[in-house]
Amino acid sequence: MVAANEKEISAEAGVKKSRVKTGENGWEAFSSTMEVFVQQLINGVTLGAVYGLIAIGYTMVFGIIGMVNFAHGDVFMISAFVALIVFMAVTAFLGMGAGVIFLALMLALLISMVVTALYSWTIERVAYRKLRGSFRLAPLISAIGMSILLMNFVQVSQGARNKPIPPIMRDTIHLFERNGFQVAISYKQVMIIVVTALLLGIFWYVVQKTPLGRAQRACEQDAKMAALLGINVDRTIAVTFIMGAALAAVAGTMFLTYYGVVHFSDGFVPGVKAFTAAVLGGIGSLPGAVLGGLLIGLIETFWSAYFSIDYKDVAAFSILAIVLIFMPQGLLGKPEVEKV
Amino acid sequence: MSNWEKDPILKVEHLTMRFGGLVAINNLSFTAGRGDITALIGPNGAGKTTVFNCITGFYKPTVGRMSLRHGHIDIDAHVEALTDTAGDSVTTPEGSLYLLERMPDFQVSARAKVARTFQNIRLFSGMTVLENLMVAQHNPLMVASNWTLGGLLGLAGFRNREKAAIETAKYWLEKTKLIDRADDPAGDLPYGDQRRLEIARAMCTEPVLLCLDEPAAGLNPKESLELNTLLRAIRDDHGTSLLLIEHDMSVVMEISDHVVVLDYGTKISDGTPDHVQNDPKVIAAYLGAEDEAEVEKIEAEVGL
Amino acid sequence: MSEMRATPVVNWTAIFKDALIAALIAVGLFALLIGLKTDQTLNNQMVLVPRPGLFGTIVALVFFGRLFLGYLNAVRSSEVKKKKPSSALMIKVEKYGLPVLIGFLVVYPLVVLGTVGPQGALKWIDNFGVQILIYIMLGWGLNIVVGLAGLLDLGYVAFYAVGAYSYALFATSEPIKEFMAQLIGEGFWQAWAFWICLPVAGILAAFWGVLLGFPVLRLRGDYLAIVTLAFGEIIRLVLINWVEFSNGYAGISSIPRPSFFGVPFNATENGFAAKFGIEFSPIHRTIFLFYVILALALLTAAVSMRLRRLPVGRAWEALREDEIACRSLGINTVNTKLTAFAIGAMFGGFAGAFFAARQGFISPESFVFLESAQILAIVVLGGMGSLVGVVIASVLLVGGVEILRELDFLKMYFGDNFDPAQYRMLIFGICMVLMMLWKPRGLISTREPSVFLKEKKAVSSDLVKEGHG
């Protein structure tokens, strides 16, 4: 089901352009044209920002309750649908003027964050809370069931077809041109990178400097002890799910504006890639999740541009396997010592 | 000349274990005699369990050599030559010599025949008491089942071997007074029984050296006395040497032939229980005194 | 206690408040995603279609559902807790359940044939019988890995795919056909291809099990699950993209169907019907396939029951309980895990070869992650390690979802556009979540000892560990 509707979620314009320019001989082009490289770098960072935002949700939940929240990718997909519907509703009433589009996007972002957070909260409350601390496989199966549920809920309620939005923010900023190849950054890309950086800053502040963040870190270390010290563990965990979902909603809205289309199965592959990012960065580590997201975005973009677009997902899954096997603590994670 | 010098079974030389910057064991050397009960004692955090984990292969020591012998092979005559090779063991007509630090954990048990128990009991709690003892006889049973093929076909050789394994298990269950609970899940047993089951399970691997990590912890005085009897029986009837970590000094002084004292990963005393008991360094370590003058003061206070 | 049962304390204000909150949350969740539908007009314009009726109905359902649940909880909490089913009963279910089930399955096709006739029987034997049996077999195979050895495998479908593609590629390959024709004669190869390829498919799957298992087995817990998921996806993506090898998305078609030990199922005079002097009917092949998969599934069950009583099986369970203790007892845990992986994979391979032969066509579409999740859900829901549990879970999950296809009468109520089959996976997902909440340890969760001295006592599920890998 996933495969049938798999879309090219790799960087768009730059890849195709470079292919036309350089033909089959990718490696030669690589050594000769710096421009292609810069263009791919911009595309990769954009994609990486989206992965990084989703990865934070995985890494926070894993850090605090030690479970892989399998449904997180589908929460991301839900957020893109919410953004789509809000965007369509606003533009249906107010038309497609430049100011309206900006307003529509901001509203889509905000409402999507709220609704997605509500989804995530409900999922935690209904499907995970009761299973916390019980049989280890139960929450995982519950999460997989939730993932199937969400995917099919959207399929049933919104239909199985691709859902496009009208092309928006198509303008680009030309950075430089050499050897007939233009290096450009689109407004969308600027928006994604700026919004991501801004939100990460706010988020970082909350987690590092507020009592809420301290409570989260305390629960991560030892939930039982934290409860004894008067921390409301249930609420802290719920807030973690809400924060992760809100960031995934940012990613979902960006995803929608960047690719201009969304499909009910779009949660799975980006979800796994974001999880890869979380693992690569060191699961449990927030800067690690962002770093991992950027690396996965870059690797995917460069792989698609220089090797083979068909095998880009194979590359992502292979990285996941290789990292877990040879470097399970990730780049910024703490190594685990076996207790005898 | 003491037994552990005349007839050692295990010889630990210059054992050092570092975790990052922390030195858990520092240049530790000692020998354990065959047929002895050797006690490894020391205050909390002295590195005793780390020594066990090195001996049984769970940790690879940073530096050090641990040689274990079966039979009467002369350790000193062969160990240098063996160290220079890439191998982990040598066998002569007199016996075999193993370099434990070169062997993976499961081989330390399977080949070198060193068994162990754990400080925080590690039983297969969802399996019955009898099953726990059957798992301990995995390797001989595996051979008898022709690596599963013969067992799958139900060959008689395997069936007979399995009966023998059940007999061995029964023997140890009787020894440890657990025979009535053979078909109960191990996790259902009370604490003291679990401790004894862990010893029985270790004995089912037919070890030459049994390492016990705080076997008397959490036992009441009666259980503690029974444990002493069991440990003596293991040594006297089965020729198994014992190495134990223990905090309960009454147990240590009662049953051990040889005591090694660790503090902050360093050996501070080594000898007979009497010798160790009167060693001022040991008393200082236990009571936290700085120098001998202070020790004497404390000794006077406690009436020694 | 009995007095309290007579007059259950029901705090209606609190229940009402709860239901109201639930309804408000439902408004938040569904206002956009159910209240508005994105649709495409004929000229590809995206439009929003409001659906206030559906939205209102669902919010009302949530409200009254929560009200009812609240009342139920209030009544139940004042009742005496029901006693758990005794472990002796569980052992009996495990002991007598299986023979009864097998007996039922052996006569099932004939009973169906007798009651609904050959026309209607096809569906019942194929969709319900063969389909469910494939999942039972896969569940039993995965049970060795997950239930016994405690290794969480989310990529089991990869071995199913290896088995299916092995048979499909071998049976349709021209060079192999020529080679076999010279070796054993063309007619013989055509007649026996399935039976020759079946063990080959199993061995290849086991080989892949070892190959993939080797690097990942030192990982623990969820990490092992994710790496196996990654491997499963890699195999599927390679099958999609390596067109020269596997024909990509298009898949492999006209895979030879299995013969009745050399006698083909066709209308010719050498066919099954003619040989046995009965009228030709396509149902003969279906019934035969039913018995083939039944035999394969029973082989899986027999081998895994036997293995549990052998040292290797006991080592698997010990591994699930405590890996460090296993190592301290001289058990080579890497080899032990690899055997579990390989044997589990082998049965997956057998099932895959059967699947390819039954369908006559395979493509990567059949081996998506969802399949792995479904098989794992069957094992966990059944109760880890329980063979009967797997059967019950397969019937519930696969059969239950299949039943939805039969509910065409619902169109009378919901209009002609209503297709109950569309809701299959949605309901499947809901069931997975609900069943985990209801029975996190599965339906049959007690463990039966593999050996006993005097009396066989079941081990309560609270003591059985679930493994760390």
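The values are calculated or read from the model by the stated rules, or taken from the named source; none is laboratory data. Since the structure is predicted, the reported quantities are computational estimates derived from the model, not experimental observations. Ideal geometry is used to build each Cβ from the backbone, glycine not excepted, and the neighbour counts take in all protein chains shown. Surface accessibility is based on the protein's heavy atoms, side chains included, excluding ligands, DNA and RNA. Shrake-Rupley method; radii C 1.70, N 1.55, O 1.52, S 1.80 Å.
Surface analysis of chain C yields an accessible area of 44 Å² per residue, using protein heavy atoms and a 1.4 Å probe. Take region B:57-185, compute every pairwise Cα distance, and split them into 5 Å bins from 0; I just need the percent in each bin. Taking all Cα pairs of region B:57-185, the binned fractions are 2, 9, 14, 15, 15, 14, 14, 10, 5, 1, 0 percent.
Its DSSP H runs of at least 4 residues, each contributing -39,500 (n - 2.57), put the calculated 222 nm mean residue ellipticity of chain A at -23500 deg cm²/dmol, to the nearest 500. Direction-averaged projected area, Cα convex hull, chain A: 18.8 nm², rounded to one decimal. The alpha carbon centroids of region C:147-173 and region C:200-278 are separated by 6 Å. Surface burial for A against C, with a 1.4 Å probe and both sides summed, reaches about 6100 Å² of accessible area.
For region C:221-357, carbon and sulfur atoms together expose 64% of the accessible surface, with a 1.4 angstrom probe and every protein chain in place. Could you list the residues of region C:112-130 with an amide nitrogen less than 18 Å from a label point located 7 Å from the Cα of C:Ala295 in the Cα-to-C-beta direction? The answer is C:130. Here the ratio of the Cα radius of gyration of the protein assembly as shown to 2.2 N^0.38 Å is 1.05. Extent of chain C along its three principal axes (Cα atoms, max minus min coordinate, largest first): 84, 71, 47 Å. Only helices at least 27 Å long along their own axis, judged from Cα atoms, and with Kyte-Doolittle mean hydropathy of -0.5 or greater: name those in chain A from DSSP H. Long hydrophobic helices here: A:34-65, A:72-94, A:98-123, A:137-158, A:187-209, A:233-259, A:286-306. If you plug the beta carbon distance of B:Glu167 and A:Ala227 into 1/(1 + (r/R0)^6) with R0 = 51 Å, you get a FRET efficiency near 0.50.
The simple spin-label model puts a point 7 Å past each Cα toward its Cβ; for C:Phe214 and A:Lys130 those points are separated by 4.5 nm.
Only helical DSSP H runs with n ≥ 4 go in: add -39500 (n - 2.57) per run for chain B, normalise by residue count and round the 222 nm mean residue ellipticity to 500 deg cm²/dmol. Taking each H run of at least 4 residues, the total per residue is -12000 deg cm²/dmol.
Taking each of C:Lys439/C:Lys465; A:Lys224/A:Lys273; B:Lys48/C:Lys465; B:Lys48/B:Lys113; A:Lys312/A:Lys334 in turn, the alpha-carbon distance tops 24 angstrom for A:Lys224/A:Lys273; B:Lys48/C:Lys465; A:Lys312/A:Lys334. Within chain C, helices built from complete DSSP H runs that reach 24 Å or longer along their own axis (Cα positions) and carry a mean Kyte-Doolittle hydropathy of -1.0 or higher are C:12-33, C:52-77, C:87-123, C:186-216, C:221-241, C:283-308, C:333-359.
DSSP beta bridges fully contained in the protein assembly as shown are about 75 percent antiparallel.
Taken residue by residue and averaged, Cβ atoms of other chains lying within 10 Å of the Cβ of C:235-244 number 4. Sorting B:114-123, A:188-197 by average packing, meaning the other beta carbons within 10 Å per residue, from highest down gives B:114-123, A:188-197.
Judged by the mean number of other Cβ atoms found within 10 Å, the most tightly packed of the peptides A:328-334, A:293-299 leads the ranking A:293-299, A:328-334. Expressed as a whole percent, the accessible surface of region C:12-78 that belongs to carbon and sulfur atoms is 72, based on a 1.4 Å probe.
Label sites at B:Phe19 and A:Leu212, each approximated as a point 7 angstrom past Cα along Cα to Cβ, lie 3.6 nm apart.
Only helical runs count toward this figure. For chain C, summing -39,500 (n - 2.57) over DSSP H runs of n ≥ 4 and dividing by all residues gives -21500 deg cm²/dmol at 222 nm. Here the protein assembly as shown is treated with +1 on each Lys and Arg Cβ and -1 on each Asp and Glu Cβ, and its dipole about the Cα centre works out to around 3240 debye.
Heavy atoms of the protein chains alone define the surface here; on that basis region B:86-188 has 39 Å² accessible area per residue at 1.4 Å probe size.
Shielding of peptide C:215-223 by partners, expressed as the average count of other chain Cβ atoms within 10 Å per residue Cβ, is 5. Per-residue shielding of B:178-187, expressed as the average number of other chain Cβ atoms within 10 Å of the residue Cβ, stands at 4.
Normalised by the number of residues in chain C, the average gap of Cα pairs under 8 Å and 6 or more apart makes the relative contact order 24 percent.
Extension gain, B:Asp76 to B:Glu206: 0.36 nm times the residue separation minus the Cα-Cα distance gives 44.2 nm.
Modelled this way, with points 7 Å down the Cα-to-C-beta line, the labels at C:Gln190 and B:His247 are 8.0 nm from one another.
Relative contact order of region C:12-78: 42 percent, from C-alpha pairs under 8 Å at least 6 residues apart in sequence. The angle between the Cα long axis of helix B:221-238 and the main principal axis of chain B comes to about 70°, on a 0 to 90 degree scale. For region C:12-78, the fraction of C-alpha pairs farther apart than 15 angstrom is 59 percent. Please give the Cα centre distance for region B:106-183 versus region A:40-118, rounded to the nearest Å. Region B:106-183 and region A:40-118 have Cα centres spaced 57 Å from each other.
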